[in-house]
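The values are calculated or read from the model by the stated rules, or taken from the named source; none is laboratory data. Owing to the predicted nature of the structure, the values given are computational and were not obtained by experimental measurement. In this analysis, Cβ positions are derived from the backbone assuming ideal geometry, glycine residues included, and neighbour counts consider all displayed protein chains.
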Amino acid sequence: MRRIRLGAGAGFSGDRIEPAVELAERGALDYLIFECLAERTIALAQQARRADPSLGYDPLLEARMRAILPICAAKGVKIISNMGAANPLGAARRIAEIAAECGCRGLRIAAVTGDDVLELMRARNAEMEETGGRIADLGDRIISANAYLGAEPIVSALAQGADVVVTGRSSDPALFLAPLLHEFGWRRDDWRLLGQGALAGHLLECAGQVSGGYFADPGFKETPDLARLGFPIGEISADGDLVLSKIEGSGGRITEATCKEQLLYEIHDPARYIQPDVVADFSQATVREIGPDRVRVAGGRGSPRPDALKVSIGYLDGYIGEGQISYAGAGALARGRLAIDIVRERLAQTQVAATELRFEIIGLNALHGDRLSRDAHEPYEVRVRVAGHALSRQEAARIGAEVETLYTNGPAAGGGVVKSTREVIAVASAYAPREAVRPSVSFEVAR
């Protein structure tokens with residue numbers, strides 16, 4: 001039975017480029033797929049586009065395309081990615097320019113748009129799921145509203161002869177489900193096959209995580225050669241049979257354990273993983289090793305797709321001010337705790353308008369708090385961190401400034417102070433009726 005080979009070229013915006021090049025060169029792929037968008041990533045991209053309308057796509061788009069376009073064009077490998085972020089049209093134009101510069105003339109680059117639904121959500125004054133508030137409550141702080149599109153517009157682009165498809169906000173599994181729908185002609189209401197396709201997409205979307213990244217735990221879960229981690233390949237047939245593998249000799253490992261961890265990653269309810277194309281059911285999935293770095297995953301199912309599409313809302317939410325300082329040697333922990341007491345009192349004395357203040361010692365209680373760290377051994381060195389949220393940049397900056405004054409106004413031998421103030425991009429969720437979201441496809445050609 002004919003099988004399609006999908007390579008996972010990236011699992012997040014800043015992912016390594018070399019594994020994707022290795023997949024393009026040696027993977028015998030039909031498609032190379034880059035999943036590069038997170039909820040916060042697209043809000044930041046919208047901010048970048050507001051500053052410069054020609055930007056707003058993934059900052060590594062150019063480097064990735066220069067590295068893989070000539071290889072993929074020569075081997076007939078199609079590329080799918082959400083690197084368009086806040087500007088798929090700009091991304092498609094830039095890809096066409098890069099393709100021409102690389103000698104890949106004639107390539108057809110499709111841009112999928114329609115996920116930007118800010119005006120729709122404003123008009124509907126949609127409710128935000130996490131807070132119960134309304135879009136109007138955000139006023140001019142709202143940056144973006146992007147609906148999670150499904151596979152259909154990507155399928156349309158492929159049917160029109162696209163060599164590269166670049167989208168904005170699409171569902172992560174949809175990037176991988178689309179070529180299966182295109183190649184195998186699966187019915188849009190075959191919920192079993194769509195559920196299995198969503199399962200394949202979910203396993204592949206984070207790239208290196210299924211081949212040993214985010215998995216290694218020395219002494220418990222050994223993972224070889226992570227500095228040369230190989231990204232996974234999904235081999236899928238028309239009946240949904242899925243085998244995960246990687247390039248022979250590349251780093252990492254693909255086992256039942258790595259696949260099971262990724263299967264459960266970011267899944268609230270394995271029996272109802274809601275996607276724009278299908279409500280996927282992974283509760284009956286089976287995972288079985290069939291050879292070295294070869295795992296068969298079966299049993300994905302599904303039920304009819306939802307009537308509404310999830311929308312990611314990005315908005316400005318004040319500033320984070322932070323300061324850090326280190327102490328080492330005998331009594332380091334006591335000096336670190338004294339430093340925290342001083343800053344805590346100073347922030348109260350000077351009436352810094354900050355909330356959500358955190359006072360912590362990195363390596364001792366910064367992750368799990370005082371309760372779990374109370375029996376920890378006395379460390380030789382500690383790093384104090386104080387951070388808090390403020391509505392203005394000026395108030396947030398005062399937090400780091402108080403930490404800095406510990407140099408000459410605090411415990412002995414403090415050093416290595418860093419301070420920072422950064423704007424907060426917060427994310428909320430809302431829903432839009434499916435029929436109100438209208439994706440479209442347009443083309444650029446490398447000339």
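Things to note:
- Here ILE233, ILE274 are screened, and the one residue that is touching a residue at least 40 places away in the same chain (Cβ under 8 Å), over 19 Å from LYS221 (Cα atoms) and either among the aliphatic types (A, V, I, L, M) or touching a Cys at 6+ places or on another chain (Cβ under 9 Å) (or both) is ILE233.
This table checks each residue for (1) surrounded by 15 or more Cβ atoms within 10 Å (Cβ to Cβ); (2) out of contact with any strand residue (DSSP E or B) (no Cβ under 8 Å at 6 or more places or on another chain); (3) in a helix (DSSP H, G or I).
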site: VAL112; (1), (2), (3): yes, no, no
site: MET121; (1), (2), (3): yes, no, yes
site: GLU130; (1), (2), (3): no, no, no
site: ASP137; (1), (2), (3): no, yes, yes
site: ILE143; (1), (2), (3): yes, no, no
site: ASN146; (1), (2), (3): yes, no, no
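- Number of the condition not met by LEU194 [criteria: (1) touching a helix residue (DSSP H, G or I) at 6+ places or on another chain (Cβ under 8 Å); (2) more than 24 Å from VAL295 (Cα to Cα)]: (2)
- Tallying residues that are under 27 Å from the mean Cα position of the chain (by Cα), over 14 Å from TYR327 (Cα atoms) and either of a type in the set (S, T, N, Q) or at pLDDT 80 or above (or both) within the stretch 366-390 yields 4.
- Screening the candidates TYR273, TYR315, TYR319, TYR327 for the property of being more than 25 Å from the chain's Cα centre (by Cα) and either among the β-branched types (Val, Ile, Thr) or crowded, with 21+ Cβ neighbours inside 10 Å (or both) yields one hit, TYR327.
- Residue in the stretch 276-288 that is over 30 Å from GLU378 (Cα atoms), out of contact with any Pro (no Cβ under 8 Å at 6 or more places or on another chain), of a type outside the set (S, T, N, Q) and not in a loop (DSSP other than H, G, I, E, B) present: yes
- Qualifying residue in the stretch 39-56 (condition: at pLDDT below 95 and β-branched (Val, Ile, Thr)): yes
- Comparison of GLY103, GLY90 shows that the only residue that is at positive phi, at pLDDT 95 or above and either among the small types (Gly, Ala, Ser) or in contact with a Pro (Cβ under 7 Å, 6 or more places away or on another chain) (or both) is GLY103.
- Looking only at residues of the stretch 226-255 that are among the charged types (D, E, K, R) and assigned to a loop (DSSP other than H, G, I, E, B), we find that the one that is surrounded by the most Cβ atoms within 10 Å (Cβ to Cβ) is ARG253.
- Within the stretch 256-275, tally of residues that are of a type in the set (A, V, I, L, M, F, W, C) and part of a loop (DSSP other than H, G, I, E, B): 2
- The test for being in the same structural domain as GLU261 (by TED's automatic domain parsing), in contact with a Pro (Cβ under 6 Å, 6 or more places away or on another chain) and not β-branched (Val, Ile, Thr) does not hold for HIS182.
- Top-ranked residue of the stretch 156-187 - restricted to ones that are free of Cβ contacts under 8 Å to residues at least 60 places away in the same chain and in a loop (DSSP other than H, G, I, E, B), ranked as surrounded by the most Cβ atoms within 10 Å (Cβ to Cβ): TRP186
- Test result for GLY252, at pLDDT 95 or above, closer than 22 Å to GLY11 by Cβ and among the small types (Gly, Ala, Ser): yes
- Helices (runs of 4 or more DSSP H) (entirely within the stretch 343-447) containing at least 3 residues that are exposed (fewer than 13 other Cβ atoms within 10 Å of the Cβ), out of contact with any strand residue (DSSP E or B) (no Cβ under 7 Å at 6 or more places or on another chain) and not hydrophobic (A, V, I, L, M, F, W, C): 369-373
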